[in-house]
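Okay, structure first, notes after.
The values are calculated or read from the model by the stated rules, or taken from the named source; none is laboratory data. Note that the structure is predicted; figures quoted are calculated from it, not measured. Reconstructed Cβ throughout: ideal geometry from the backbone, glycine too, with neighbour counts over all protein chains shown. Heavy atoms of the whole protein, side chains included, go into the accessibility calculation; ligands, DNA and RNA do not. Shrake-Rupley method; radii C 1.70, N 1.55, O 1.52, S 1.80 Å.
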Protein chains: 2
Amino acid sequence: MSHPTNALDDVVHQRARLGILAVLAEAQRADFNYLRETLTLTDGNLSRHLQVLEDAGCVKITKVFEGKRPRTWISATKLGREAFAREIAALRELVARHDGI
Amino acid sequence: MSHPTNALDDVVHQRARLGILAVLAEAQRADFNYLRETLTLTDGNLSRHLQVLEDAGCVKITKVFEGKRPRTWISATKLGREAFAREIAALRELVARHDGI
């Protein structure tokens, strides 16, 4: 017997990382400051979770200069979008099972 | 602007702990071995997560003897059921936002 939570992947289920991938599912790319403010994370926390997602091949991080101002853009990879879609599917099953709670 | 993932509580969102509370939402109580097998956790892992939930006031752990056999029963507290309901509500919002993904 398999419980729906067994289908959850810790890499993308963790709250901050789920938030990052959720934002990136709705946008082509997002910059570091936007993610930090939208998800109410600290710089260090966001950096750490982005690193986990990058190591897992889920996001691409690009540092550019716009004029003299450095800017960090983050986008989801194909793998990252697929992992997020699987997570949403597993959560949908869990939510349906506890509907009307 | 608040993102739905900001409403998630790490205590109950973590995969194994979410699984424990999900099982307990469907049963009056569950024993340790049943939780371990249903959620495919190790003894140590399940113990650790139960401790976090007990410390947060979300579950009650009762050790009894049935004949000469020790048995550990786990049940959700009122606080635990409420925390699980809030988590499911936040996940429902997240899933709805990414419907059709």
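Mind pulling the angle between the C-alpha long axis of helix A:78-97 and the longest principal axis of chain A? Nearest 10 degrees, somewhere in 0 to 90.
40 degrees
Put a label point 7 Å from Cα along the Cβ direction on A:Gly44, then list its distances to the equivalent points in the other copies in nm, shortest first.
Label point to label point, same position, other copies: 2.7 nm.
So if I place +1 on the C-beta of Lys and Arg and -1 on the C-beta of Asp and Glu, and nothing else carries charge, what would the dipole magnitude of region B:1-47 be about its Cα centre? I want it in debye, nearest 20.
Values: 4 positive and 6 negative charges, 7 e Å.
Using Cβ point charges on Lys, Arg, Asp and Glu, region B:1-47 gives about 40 debye.
What is the count of Lys pairs in the protein assembly as shown whose alpha carbons sit under 25 Å apart, if the two are 8 or more places apart or on different chains? Each step should come with its number before you reach the end.
Numbers: A:Lys60/A:Lys68; A:Lys60/A:Lys78; A:Lys63/A:Lys78; B:Lys60/B:Lys68; B:Lys60/B:Lys78; B:Lys63/B:Lys78.
Lysine pairs satisfying the spacing and distance rule in the protein assembly as shown number 6.
Provide the per residue accessible area, probe 1.4 Å, for chain A, rounded to a whole number of square angstrom. Let's see the in-between values first.
Values: 5300 Å² over 101 residues.
Using a 1.4 Å probe on heavy atoms only, each residue of chain A averages 53 Å².
Tell me, what % of the accessible area of the protein assembly as shown is carbon and sulfur with a 1.4 angstrom probe?
Numbers: 5380 of 10600 Å².
Whole-percent figure for carbon plus sulfur exposure: 51.
Provide a list, ordered by number, of residues in region B:36-84 showing at least 10 Å² less accessible area with every protein chain present than when their chain is taken on its own, using a 1.4 Å probe.
In region B:36-84, residues shielded by partner chains: B:Thr38, B:Leu39, B:Thr40, B:Phe84.
What quantity of accessible surface, computed with a 1.4 Å probe and excluding non-protein components, is buried in total between chains B and A, in Å² to the nearest 100?
On the way: alone 6700 and 6700 Å², together 10600 Å².
Approximately 2800 Å², summed over both chains.
Order A:Lys68, A:Lys78, most accessible first, counting only protein heavy atoms with a 1.4 angstrom probe.
Numbers: A:Lys68 195, A:Lys78 150 Å².
Descending accessible area places them as A:Lys68, A:Lys78.
Do you know the relative contact order of chain B, to the nearest whole percent, from alpha carbon pairs under 8 angstrom that are 6+ apart?
35 percent
Compute accessible area for region B:3-28 by itself and then with all protein chains, 1.4 Å probe, and report residues whose area falls by 30 Å² or more.
For region B:3-28, once contacts with the other chains are taken into account, B:His3, B:Thr5, B:Asn6, B:Asp10, B:His13, B:Arg15, B:Leu18, B:Ala22, B:Glu26 lose 30 Å² or more.
What is the spin-label model distance, in nm, from A:Glu26 to A:Gln51 if the labels are put 7 Å beyond Cα along the C-beta direction?
Going from the A:Glu26 label point to the A:Gln51 one covers 2.8 nm.
Treating only the Cβ atoms of Lys and Arg (+1) and Asp and Glu (-1) as charged, compute the dipole magnitude of chain B about its Cα centre; round to the nearest 20 debye.
Here the size comes out at about 360 debye.
Could you give the dipole magnitude of the protein assembly as shown about its Cα centre, charging the beta-carbon of Lys and Arg +1 and that of Asp and Glu -1, in debye to the nearest 20? Mind showing how you got there, number by number?
Numbers: 30 positive and 26 negative charges, 41 e Å.
Charge dipole of the protein assembly as shown: 200 debye, to the nearest 20.
For chain B, would you read off the P(r) tail past 15 Å as a percentage of all alpha carbon pairs?
Values: 3169 of 5050 pairs.
Counting every Cα pair in chain B, those more than 15 Å apart make up 63 percent.
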